[in-house]
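The values are calculated or read from the model by the stated rules, or taken from the named source; none is laboratory data. Treat the numbers as computed from the prediction; the structure is a model and nothing was measured. For neighbour counting, all protein chains shown are included, and Cβ atoms are generated from backbone atoms with ideal geometry for every residue, glycine included.
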């Protein structure tokens, strides 16, 4: 993997959401010369840091100052990548400079030992995440649309609850994993889940219903190229992480990507 | 009469929540069911016994204002029953056959239902969204 690809992958996975705050901290900050450091006991002050790891990684997170710039050191067996990301809001990190390091273990062992903060994320936090991490070409428009939908659902429903947070998280995770997709049309199902559609006429449709448990249901309409004028229509179920590998052979990227 | 099949030549109106609308366009989610829903609620336009569409829409707007929390961007989709039924039967892979039945309620005599829309397959909602005849504001 090239460094650029590694950084992109890392950025995507950072953007993914789940929190691993205040966990597995060690004290290996001696080499950060220009950063104010703090003892491990300050770990509790990063209780809202949002990170996820699909594999064994070592991640160093440092808030340089009380502001929006954070440095993350991404350590893998293959080497070290230092990168500055504007990824965390002041609202998500408690005030005051701090630094710490934590290691994310294999196979989701973290999740079994400590509840994910993703469970506690609000729709507004996910929308903020969209506004700061998704492709520049549509992040503002998408965040605005999601805010509009959240408000609409809250107004429509007598209980005042909005969009399903888990459905929204899976939708954002999907977009992060597929940055070549253009911004979809988005609406909300009666069960408050996100429904995204990429369309180009009535015979080029690719829609995904993001269920809260990580499963998805998709619909594809596409031209039958061997029989002009006819349309192939199919639907199915999958999970967020494999849906593109399932549907791409149907040619959906011809109209769903930039 | 409750349970009466509505003729294919007639029309129904579907209240479409604001969260199913984007830039004024009615999206397929407007025609999806919750798992517990037996049918998709609609109103039988001819049963309103009005002479023109504008009067029918006004009646519906008043009805929705009484029954629902009508969002500012909510819309009314007008569907022809025959077109919907034939579209879905012809183009859905499983040849879904929909029924549209009159389900009058005391405060909503034109209330009706589109039956047999699958809850767990969005393809029918996608097909219905493709045959919306008209699109009107849901509130005055």
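Taken together, the criteria place residue A:153 among residues that are under 22 Å from residue B:40 (Cα atoms) and part of a helix (DSSP H, G or I).
Whether any residue in the stretch B:55-75 is within 14 Å of residue B:13 (Cβ to Cβ) and more than 17 Å from the chain's Cα centre (by Cα) is what I want to check. Looking for residues that are within 14 Å of residue B:13 (Cβ to Cβ) and more than 17 Å from the chain's Cα centre (by Cα), one finds at least one in the stretch B:55-75, hence yes. Within the stretch A:233-246, being within 14 Å of chain B (Cβ to nearest Cβ) and either in contact with a helix residue (DSSP H, G or I) (Cβ under 8 Å, 6 or more places away or on another chain) or in contact (Cβ under 8 Å) with a residue 40 or more places away in the chain (or both) holds for A:233, A:234, A:235, A:236, A:238, A:243.
When A:227, A:209 are checked against the criterion of being assigned to a loop (DSSP other than H, G, I, E, B) and either buried (at least 17 other Cβ atoms within 10 Å of the Cβ) or free of Cβ contacts under 8 Å to residues at least 24 places away in the same chain (or both), a single residue qualifies: A:227. Criterion first (on the phi < 0 side of the Ramachandran plot, modelled with pLDDT under 95 and more than 15 Å from the chain's Cα centre (by Cα)) does residue A:225 satisfy it? Yes. Annotation note: of B:56, B:61, the sole residue that is within 29 Å of residue A:162 (Cβ to Cβ) and at pLDDT 95 or above is B:61. Taking first residues from the stretch B:31-55 that are within 11 Å of chain A (Cβ to nearest Cβ) and partners that are in a helix (DSSP H, G or I), the Cβ contacts under 7 Å between residues at least 6 apart in sequence or on separate chains come to B:31/B:125; B:31/B:128; B:31/B:129; B:32/B:125; B:40/B:31. Only residues that are touching a strand residue (DSSP E or B) at 6+ places or on another chain (Cβ under 6 Å), within 11 Å of chain A (Cβ to nearest Cβ) and surrounded by 20 or more Cβ atoms within 10 Å (Cβ to Cβ): list them for the stretch B:2-30, please. Answer for the stretch B:2-30, where residues must be touching a strand residue (DSSP E or B) at 6+ places or on another chain (Cβ under 6 Å), within 11 Å of chain A (Cβ to nearest Cβ) and surrounded by 20 or more Cβ atoms within 10 Å (Cβ to Cβ): B:16, B:19, B:20, B:21, B:26, B:27, B:29, B:30. Scanning the stretch A:161-172 for residues that are under 14 Å from residue A:187 (Cα atoms), away from chain B (no Cβ under 11 Å) and either modelled with pLDDT under 95 or in a loop (DSSP other than H, G, I, E, B) (or both) returns a single hit, A:164. Quick check on my filter: what residues within the stretch B:44-103 are out of contact with any strand residue (DSSP E or B) (no Cβ under 7 Å at 6 or more places or on another chain), part of a loop (DSSP other than H, G, I, E, B) and exposed (fewer than 14 other Cβ atoms within 10 Å of the Cβ)? Result: B:49, B:51, B:52, B:69, B:72, B:94, B:95, B:97. With A:147, A:158 as the choices, which residue is outside any loop (DSSP other than H, G, I, E, B), closer than 24 Å to residue B:68 by Cβ, within 13 Å of another protein chain (Cβ to nearest Cβ) and free of Cβ contacts under 8 Å to residues at least 24 places away in the same chain? Answer to the check: A:147. The requirement of being touching a helix residue (DSSP H, G or I) at 6+ places or on another chain (Cβ under 7 Å) and in a strand (DSSP E or B) is satisfied by residue A:222. Residue count for the stretch B:1-35 under the criterion of being within 21 Å of residue A:149 (Cβ to Cβ), touching a helix residue (DSSP H, G or I) at 6+ places or on another chain (Cβ under 8 Å) and in a loop (DSSP other than H, G, I, E, B): the result is 3.
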